[in-house]
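Every number here is computed from the coordinates shown, using simple stated rules; none is lab data. This is a predicted model, so every value here is computed, not measured. Virtual Cβ from ideal backbone geometry, glycine too; neighbours counted across all protein chains shown.
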Amino acid sequence: MRRSQINALLDQRYRQAANDPWIRVGETRTSVKDVKLESLPCLLLESTATREVLANNPIEGQTLPTVVRKIVRTKKIWVAEDGSIVKTFFEQTQPEAFTVEMIFGQGVIIVHKTKDGKRESGQIELTIDPDQFENEYLSMAWGGKVFKDAKTFATLDPFAGGVRTFAARMYGPFAALEGKDRVNGVRVEVKEGKAVSTAWVTNDGRLLQYDLASGERLIVEPKDGAAGVDKGRGGG
């Protein structure tokens with residue numbers, strides 16, 4: 001979800017007095033399962049995201065935002081039993097379809113991109129420690145216990161191009177309502193350059209809410225009650 005003022009100019013009568021309402025702009029669905037990649041046992045992490053770009057035209061009387069562009073992308077990551085990343089696969093189906101396949105080698109990443117039936121291949125020379133990619137899945141806390149106060153990690157972004165690096169640090173515990181259920185967990189700051197996002201993770205390892213530096217908010221919808229962290233109380 002995003003604040004309305006970020007992606008659309010709404011008529012004043014649709015605004016709240018204190019702040020603009022949140023507008024739903026898509027959803028993300030993630031799954032993890034056991035698979036074999038060429039006889040190698042792996043965990044397959046798959047995530048499909050839909051984002052809707054909104055706009056309106058108050059001059060023509062269009063006060064409510066409408067969808068002007070839809071983006072649909074899928075990411076698949078094969079992780080071996082020792083935690084090493086074997087292969088990543090990215091696909092965009094809207095607005096223009098293409099796929100990017102990346103295979104990790106000795107200090108390089110082999111890249112295959114397919115668009116309009118044409119396949120291009122190349123390689124990326126790594127300037128960082130390959131372990132930084134595996135650090136993305138390194139647990140910082142579980143069951144109310146903190147294992148790591150901070151970590152750095154890297155991830156591949158085939159849509160923007162290149163490698164992105166992040167620094168995560170434990171910000172402190174929190175207590176809140178998830179729908180109508182009381183939950184406890186930890187807040188983690190995730191920093192990329194000067195941009196800071198915040199992850200709210202429960203003690204049983206579930207991502208409850210993710211506040212992005214861009215102004216978007218990823219919210220896990222509960223079975224009952226309102227979505228997101230409600231009446232949250234943070235610790236130092």
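Just in region 133-167: which trypsin sites (Lys or Arg not before Pro) are loop by DSSP and have at most 16 other Cβ atoms within 10 Å? Hits after loop and neighbour filter: K148. Label-to-label distance for Q106 and T127 is 2.4 nm, based on points extended 7 Å past Cα in the beta-carbon direction. Extension gain, R24-N184: 0.36 nm per intervening residue step, less the Cα-Cα distance, totals 55.0 nm. Over region 127-236, all Cα pairs binned in 5 Å intervals from 0 give whole-percent P(r) values of 2, 11, 20, 23, 19, 12, 7, 3, 1, 0, listed from short to long. Considering only Cα atoms, the convex hull volume of region 135-199 works out to 112 Å³ per residue. Given a cut-off of 23 Å, name the pairs among K76/K115; K87/K115; K36/K118; K75/K115 whose C-alpha atoms lie farther apart than that in the structure shown. K36/K118, as the Cα separations exceed 23 Å there.
The packing ranking, built from the mean of other Cβ atoms within 10 Å per residue, places the peptides 35-43, 92-100 in the order 92-100, 35-43, highest first.
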